[in-house]
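Asks: Questions regarding the structure given below will be posed in turn.
The values are calculated or read from the model by the stated rules, or taken from the named source; none is laboratory data. Everything numeric here is computed off the predicted structure, so don't read it as measured data. Here the Cβ positions follow ideal geometry from the backbone for every residue, glycine too, while neighbour counts run over all protein chains shown. SASA here: full protein model, heavy atoms, side chains in, ligands and nucleic acids out. Shrake-Rupley method; radii C 1.70, N 1.55, O 1.52, S 1.80 Å.
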Amino acid sequence: MPGRVAGVWHSLFTAHPARTVVSAFALVIGVGTVLLMLPVSSQDGSTTGVLTALFTSTSAVCVTGLVVVDTATHWSGFGEGVILALIQVGGFGIMAMASLLALLVSGKLRLRMQLTAAAETKSLGIGDIRRVLLGVAGCTLIVELAVGAFLALRLRFGYDRSFGEAAYSGFFHAVSAFNNAGFGLHGDSLTPYAQDPWVTLPIAAAVILGGLGFPVLLEVLRHRTRRRTTGRRNWSLHTRLTVVTSTVLLLVGTVMTCLLEWTNPGTLGPFDWDEKILNGFFYSTMSRTAGFNAIDIGALNAATIFFTCTLMFIGGGSAGTAGGIKVTTFSVLAAAMLAEVRGEPNSTVMGRRLAPHALRQALTVALLGIGLVIAATLALLTVTKAPAEDVLFEAVSAFGTVGLSTGITADIPVPGQLILILLMFVGRLGPITLVSSLALRERTRRYQLPEERPVIG
């Protein structure tokens, strides 16, 4: 009997890397839910409802930032600590942490654990797992400590906060920013600091670094010394695609936000021109999956709402703390469309030919993401009377693990909140498990079927 139980446990939890990742995330969400339900987690000492605790735990582990209760007024210091721990665990990656612990304890990884770590971190190979995971931990610690210290000093000397309060708020927002979580200690997020670049820009920098992805950060750091000696930047195609596409989307988002909201009295209208550009840049950065807001999201124009949905759906870099379908998926699809328009037989980008299976995987991830968002939006529209554009915004924000909201999250009925919980979970894990499953299931067919060309378009 014990052997049979062990066999079932192995089959359900460890036999497949994607299954392991999903199970681990679900386990941590469950633990977080139980901890947040404890009376010590709330400020008034009462027990938090199961749905509220589950929603908050899922949002934290999936580094989303959507909330149904105000973080600063509902949760106690213990509850905020639990949320911060869940954010850190979710952002770093359950299996990345488990693999790191396995390395520290045993000094080696079995093949199954290596494949699991590769599925979560999307590293381009499974060679030096020790170096990769320690690099991830180092990058996380350095960025969070640096940004947290900077914010703490600013809050202490710029806003006359006590040293303890400034340090706590600074490091809380630094961890939340680098992990692209969007949880804040103010009911109005970062709107009190909308005109202060010494607060908004460090947070934006942490969000960008976390959203680029750990493989990109590690490769940039690794090749920095080589460039000093050779004068060449030998970045991989993945790194170049991520950096270039992220930069372009960030600039386009800034320009479009400023153009669409420049005279809006509820958002950028009251600011000076330099403050408008600052907040346009900050909003463009946050809409890529961070969730902080320095302007009123509910006052945005409808055109800005729909444009933001596009940015949220694309998301950030692979193996980072951002969500969405990822910028590399978007770049691969754009290259395929450009090749088809030009009549070229192969899709090329930056002097490299893209493998056919990469195109199929990108198309699968994008179409499944679109289908999931459409289905969730339709389901939400049946249970809430909120405007359609707000519901779509909420669905895309949950799927992209962004956390931005027009203010309807807490008013959505229980069935709608359950839909958002599922959307956050699938949005965080869907692309990871899908791509890894597709890669592991790739087979070579020993024969070819007759070719047929249906009419397209």
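Asks: Please work out which residue is modelled with the highest pLDDT, limiting yourself to the range 10-30 and to residues that are surrounded by fewer than 16 Cβ atoms within 10 Å (Cβ to Cβ) and within 13 Å of Leu54 (Cβ to Cβ).
Replies: This residue is Gly30.
Asks: Please go through the range 262-304 and pick out each residue that is among the aromatic types (Phe, Trp, Tyr) and within 26 Å of Val67 (Cβ to Cβ). Spell out how you get there, then give the answer.
Replies: Of the range 262-304, the ones among the aromatic types (Phe, Trp, Tyr) are 262, 271, 273, 281-283, 292.
Across the range 262-304, the qualifying residues are Phe281, Phe282, Tyr283, Phe292.
Asks: Can you confirm whether Ser162 is among the small types (Gly, Ala, Ser) and either modelled with pLDDT of 90 or more or at positive phi (or both)?
Replies: Judged against the criteria, Ser162 is a match.
Asks: Sticking with this structure for a sec: Conditions: (1) modelled with pLDDT of 95 or more; (2) surrounded by 15 or more Cβ atoms within 10 Å (Cβ to Cβ). Val255 meets all but one. Number of the miss?
Replies: (2)
Asks: Still on this model: Among helices (runs of 4 or more DSSP H) lying entirely in the range 283-384, which contain 2 or more residues that are closer than 21 Å to Phe214 by Cβ and open to solvent by 30 Å² or more (accessible area, probe 1.4 Å)?
Replies: Helices (runs of 4 or more DSSP H) meeting the threshold: 356-381.
Asks: Follow-up question, since we're still on this one. Taking the stated definitions as given, is Phe183 modelled with pLDDT of 90 or more, aromatic (Phe, Trp, Tyr) and not in a loop (DSSP other than H, G, I, E, B)?
Replies: no
Asks: Something else now. Being over 19 Å from Val89 (Cβ atoms) and open to solvent by 20 Å² or more (accessible area, probe 1.4 Å) is the filter here, so list the residues in the range 165-185 that pass it.
Replies: Once the filter is applied, which keeps residues that are over 19 Å from Val89 (Cβ atoms) and open to solvent by 20 Å² or more (accessible area, probe 1.4 Å), the range 165-185 yields Glu165, Ala167, Tyr168, Leu185.
Asks: Among Thr263, Thr247, which is of a type in the set (Ser, Thr, Tyr), out of contact with any helix residue (DSSP H, G or I) (no Cβ under 7 Å at 6 or more places or on another chain), part of a helix (DSSP H, G or I) and open to solvent by 30 Å² or more (accessible area, probe 1.4 Å)?
Replies: Of the residues listed, the single one that is of a type in the set (Ser, Thr, Tyr), out of contact with any helix residue (DSSP H, G or I) (no Cβ under 7 Å at 6 or more places or on another chain), part of a helix (DSSP H, G or I) and open to solvent by 30 Å² or more (accessible area, probe 1.4 Å) is Thr247.
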